1. Could you tell me which of the residues Asp369, Asp316, Asp311 is at pLDDT 85 or above and open to solvent by 60 Å² or more (accessible area, probe 1.4 Å)?
2. Would you call Lys391 of a type in the set (Lys, Arg), open to solvent by 50 Å² or more (accessible area, probe 1.4 Å) and modelled with pLDDT under 90?
3. Considering each of Gly93, Gly73, Gly58 in turn, give the residue that is surrounded by 16 or more Cβ atoms within 10 Å (Cβ to Cβ) and under 37 Å from the mean Cα position of the chain (by Cα).
4. Does Arg422 satisfy the condition of being modelled with pLDDT of 90 or more and of a type outside the set (Asp, Glu)?
5. Among the listed residues Ala440, Ala444, Ala410, identify the single one that is over 43 Å from the mean Cα position of the chain (by Cα), open to solvent by 20 Å² or more (accessible area, probe 1.4 Å) and hydrophobic (A, V, I, L, M, F, W, C).
6. Looking only at residues that are under 19 Å from Val376 (Cα atoms) and surrounded by 16 or more Cβ atoms within 10 Å (Cβ to Cβ) in the stretch 413-422, which one is nearest to the chain's Cα centre (by Cα)?
Amino acid sequence: MTRKQRKILFRIIISAVLLIGAAVIPFEEPFKLIAFLLPYAVISYDIIIKSIRNIFHGEIFDENFLMMIASVGAFFINEYPEAVLVIILYQVGELFQAVAVGKSRKSISELANLCPDTVSVIRNGEEIYLSPEEIFEGETIVIRPGERIPLDGKIIEGRSDIDTSALTGESFPRSYFEGDSVISGSLNLNGLLKVQVSSSYGESTISKIITLIEESSTKKATVENFITKFARYYTPCVVISALALAILPPLLFSADFSDWLTRALIFLVVSCPCALVISVPLSFFGGIGGASKNGILFKSSSYIEILSKSDILVFDKTGTLTEGTFEVSEIYSEKMDKSELLELTALAESYSNHPVALSIVASCENTLDKARVSSVNEIAGMGISAVIDGKNLLVGNSKFMEEHSVKTPAVELTAVHVAREREYLGYILLSDKVKEDAFASISAAKKFGIKKTVMLTGDSKEIAEKVGAELGIDEIRASLLPADKVYEFEKISESKVKKSYVAFVGDGINDAPVMTAADVSIAMKKSGSDIALEAADVVIINDRVSSVLKAIKISKKTMRIVHQNIIFALSSKGIVLILGALGFANMWIAIFADVGILILAVLNAMRTLKKEK
């Protein structure tokens, strides 16, 4: 609890004690009025100040104004205890709301504490301590057992078990060895590590996560915008209705003015829109915080709303449904040794960041002499044209070879064909493993409201159908270039029913155009490119397909709670407003309808913070 919250709690306790004293001791007028004005002054001075200040700024119809008018009016009709109690309970509700928001913010701000203030770095042969912002790419940092990893990098010495749960939501630590990449914010459990930094602090994983979370809390969903506009028109309508309720019956029907003024004041207390104005944004804020605990980052609360309505789920294949880490399984060479063919191919692919290219380079045991390469031209989704040893080398898929008038044999698996001076040299077969949770996730998609799953891939039809059949994908569209993916995705979007959405899940540079076209796009952070992460609306940190369904589950749960709060608040207040206007509700019922509904709505909203299993 913050200092400000403790101060409010202290005022609530003091005013409650003074109220009990004023109610128990049999004071006579005017001392009775003074006795009740004392606790009222203690508990309400900030509300009165805010209300007057807002009036001068043109913001008349807010909850502070409603509470001030209702409580002052109660004093005029000699309802002293009710006048004080309505403000005490209103402050209790405000305190409860502040604690709830603080808890939501804490779940997000904890991420900011995942990066240590100082880093041990080796410079000029000495180990010195600097802030993460002062470390450069390529430098070597030392991470001891029990310390957080401050920056992204690659282990160059040591081994350890590393806990990534704060970032990815994964329950168990994993063992990391030399050559493995580590991400900032993870906890080094038991080994001394030397890590070569791969990116500056501003480009590190934890820095980007914090930025995404901070930005997401400022962007509102459609429901939030509706509630803000609703409150803007709702409050003045309520004040005008209360005035009409207090004045018109006595004027038109000679009714008792004191009775109708009491009804009008009850009407004002009940009508305060706190439960809506507070609980709806809090639900979204809690949803964003709860998702971050599960390694899922929503860039805006609007994407929670859209994802909850998505019923078509479109996947990229490589790196999304499959591991994206290819292994050379076979080399077929017609004109030279297999090792020589692999070396030529690796030289051409060494200038590409595509998973296939990286796998081929990693498989080559020979030291690559890049001086042999004089030019390289990569065509996305097709292949690479390079000049090596003064001769033109083509490396790519069968379609790429066909465009250069090179005939290739029919190969069903993932094959990289190689030709030199338009003479076919052979091909390299690669295999890619399906992610272990992909089948179970696709199978469970229907339970989360997904009516159709689609896979878009640049791979051959044979490979795509093999993976699609293994996973149970409804539709498969293969042999697609980046532009083809956008065209196919647009066709899928046109087939959706009204008021539903299409979500796309991908990871690579080739996926960025489709992500931009999607209603809501989801990127895999672990294997994803920076371009895809910038284009995506939701980011999955732990790279699991099951986390996509977890994101859908969180979004549906959040929206369910938002709608529950809206229906509960409006229906409850509507009933009590009618009862109050008809004279069947007293000030105590009005207080419950205001503060009680607020507390129940906030408690319901807090359920979004719970970590999903």
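The values are calculated or read from the model by the stated rules, or taken from the named source; none is laboratory data. The model shown is predicted, which means the values in this text are computed figures rather than measured ones. For neighbour counting, all protein chains shown are included, and Cβ atoms are generated from backbone atoms with ideal geometry for every residue, glycine included. Note: accessible area is taken over every heavy atom of the protein model, side chains too, but ligands, DNA and RNA are not part of it. Shrake-Rupley method; radii C 1.70, N 1.55, O 1.52, S 1.80 Å.
1. Testing whether each residue is at pLDDT 85 or above and open to solvent by 60 Å² or more (accessible area, probe 1.4 Å) leaves just Asp369.
2. no
3. The conditions single out Gly93.
4. So Arg422 does not fit the description; no.
5. Ala410
6. Per the criteria, the residue is Val416.
Per-residue answers, yes or no, for (1) in a helix (DSSP H, G or I); (2) among the charged types (D, E, K, R); (3) open to solvent by less than 10 Å² (accessible area, probe 1.4 Å):
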| position | (1), (2), (3) |
| --- | --- |
| Asp543 | no, yes, no |
| Lys556 | yes, yes, no |
| Phe568 | yes, no, no |
| Ile575 | yes, no, no |
| Phe592 | yes, no, no |
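Conditions (1) small (Gly, Ala, Ser); (2) touching a Leu at 6+ places or on another chain (Cβ under 8 Å); (3) in a helix (DSSP H, G or I); (4) under 22 Å from Ser546 (Cβ atoms), marked per residue:
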| site | (1), (2), (3), (4) |
| --- | --- |
| Ser443 | yes, no, yes, yes |
| Thr453 | no, yes, no, yes |
| Leu480 | no, yes, no, no |
| Ala483 | yes, no, yes, no |
| Lys496 | no, no, no, no |
| Lys499 | no, no, no, no |
